[in-house]
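The values are calculated or read from the model by the stated rules, or taken from the named source; none is laboratory data. Computed from a predicted structure; not experimentally measured. We place every Cβ from the backbone using ideal geometry, glycine too, and count neighbours over all the protein chains shown.
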Amino acid sequence: MSQFDFSRLYAHYPAIIAMMPEIFTSHQFILRLAQAQQTLYVEALYAYRTNTHGEQPAPFRIVHRELARGLAQSNLVKHIGEADSVDIFGRPNRCALWGKGSSLPLRIH
């Protein structure tokens with residue numbers, strides 16, 4: 001059972017996606033969502049404040065994974081590949097690349 005009702009954040013996905021460029025990363029989307037819905041975002045993080053990944057508390061990892069999963073399960077965008085990106089802590093890594101619109105290629109690698 002989820003410790004936070006993510007449908008409260010998912011409800012804002014259409015408006016956030018409308019603000020995004022045609023192609024964007026999960027990191028870009030999550031940052032825009034966090035900026036626009038700060039209270040809900042903080043509530044989600046707080047709900048997972050004691051959950052760990054390994055030995056360390058990992059609320060950002062858990063919440064961001066769920067927010068990206070919600071994006072993948074929506075019919076609002078298409079997963080088109082992976083991209084090098086920088087996470088919310090400034091660490092370089094890879095994340096999902098998303099596209100809007102029907103003229104997108106099926107996959108970008």
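Is it the case that residue 34 is among the hydrophobic types (A, V, I, L, M, F, W, C), in contact with a Cys (Cβ under 8 Å, 6 or more places away or on another chain) and closer than 24 Å to residue 93 by Cα? The answer is no for residue 34. What residue, among those in segment 1-10 that are within 15 Å of residue 29 (Cβ to Cβ) and of a type in the set (A, V, I, L, M, F, W, C), is surrounded by the fewest Cβ atoms within 10 Å (Cβ to Cβ)? Looking at residues that are within 15 Å of residue 29 (Cβ to Cβ) and of a type in the set (A, V, I, L, M, F, W, C), I get 6. Annotation note: Cβ proximity below 6 Å between a residue of segment 4-21 that is over 12 Å from residue 67 (Cβ atoms) and a residue that is in a loop (DSSP other than H, G, I, E, B) (sequence gap 6+ or interchain) occurs for 17/76. Restricting attention to segment 35-62, the residues being closer than 24 Å to residue 97 by Cβ, without any contact (Cβ under 8 Å) to a residue 24 or more places away in the chain and within 16 Å of the chain's Cα centre (by Cα) number 4. Please determine whether any residue of segment 73-96 is surrounded by 15 or more Cβ atoms within 10 Å (Cβ to Cβ), at pLDDT 95 or above, within 11 Å of the chain's Cα centre (by Cα) and in a strand (DSSP E or B). Checked against the condition, which is being surrounded by 15 or more Cβ atoms within 10 Å (Cβ to Cβ), at pLDDT 95 or above, within 11 Å of the chain's Cα centre (by Cα) and in a strand (DSSP E or B), segment 73-96 yields at least one hit.
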